[in-house]
Amino acid sequence: MIFRKIDSLFLRLALAQAVLLSSSLLVIGGLLVVERNQLSAPEFAILLAPHIKAAVHADLTQVLPVDGLGLSLRRHEHLPEGLKLRVYRMPAAVDFVRALAKHDVVVDDVWLNRSDEHFTLWVHVQVSGSAPVWLSGNVPSMLPTWAPRMTVGLMLLVVVFGLVSWAFASRVTRPLSQLRHRIQLHAHTGVEPAQPWPSMQSSKAPPELIEIESAYRLLAERLQRNERERALLLAGVSHDLRSPLSRIRLAAEMLPESVDNAAGVASITRNVDQADRLTASFLEFIRASTVVMDETVDLAAVAQEAVAGFERPEHELQLRSPDSLWRQRAHGLLVQRLIVNLVDNALKHGGLPVEVDIVEEGGWATMTVSDTGPGLPQNGAGQLLEAFARGDASRGLPGFGLGLAIAQQIVVRLHGELCFAQDGARHQVVVRLPLRV
């Protein structure tokens, strides 16, 4: 769950700024500490030089405290064994050695040793021509002491940075989030807002995002124009075909009945009926994308009515659903057409018995139509949702390849999702519809 939240562009920007600020503070703080130590090294050498001279001539067992600095010095003959680090070439040590040289204290080596969970500084010292000796002392504080005002300042810095980071990330990502919501709305409903979003009209949106929005608007307008032209073409063709089809059917029925022309009349009537069903499918395909979703529909009642219309015995077609299941912003005829198409497809191309299950799951209505047929061809699910697409197994069966395409279009209009599944030997078509939109 945490990683999913960080996938948000807003949180990524805020996290990137937090990392950048933390890194900058660490670098600046380190540079300040180094600079502070280098500036304080000469003054520290002036205070420590007399005590070093005294420690060089002291006994090996004598410990000399350094008043005012919180240090103590002790003379040794050899550098100790154990964990140690040579710090002679470090900037603060170099400045410290140079400052001591001005007071006749020559240091040619500096080590940092850790023993008994304490750090000790070891220097190899020579004073006024005497033999060089090792002196050890507890390490002086290289870091500034923590004060309450530093806590207050750090908290204020975090608050100010958090507010600035939130405002910056929100300003950058808000137009993009609105554009994403707009594209998702268009994808689910097929409706493109008539006016641009306010953030796109102002100069607050980045120019690249404005260009993306403009290109998307052109693409959406072109898509809507193509859809309107296709719907107008199909509606015109379907309407224009019905009149001559009716006349052909009427003329065929008015022919005198005889043994010689009975087969021809039956063939004409059969083909006219098939053409009429094709034009009706065209009109249903158009209506699925244009009808207004303004009704509150009982999905369970519509499903019972749709299944009852097939007039199949229970051992061939069975429905299991709650007593009622209401869906807002829908259309009863479209929901009925969705169920009829899925059941009809299962009866034609699947195997008996066909089962329809409708359940409510967390604010969603899940409808499953299952059969014992061969199922879908491999990698063929997406293709069968296109208009006029038919599987190889259904080439010799009546139909026009619009059933699943109409069902998919209705599901999209209802903000739902359609998918195919396999449960043992049963092939399933699963439709999930939100009960509230």
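Some points to look at:
- Distance between the 7 Å Cα→Cβ label points at residue 296 and residue 81: 9.0 nm.
- A full extension of the chain between residue 437 and residue 185 corresponds to an added length of 89.6 nm, given 0.36 nm per residue minus the alpha carbon distance.
Read the figures in this text as sums done on the coordinates, not as results from a lab. Since the model is a prediction, treat every value here as computed from it, not as a measurement. Because the Cβ atoms are built from the backbone with ideal geometry, glycine has one as well, and the counts that use them run over all protein chains shown.
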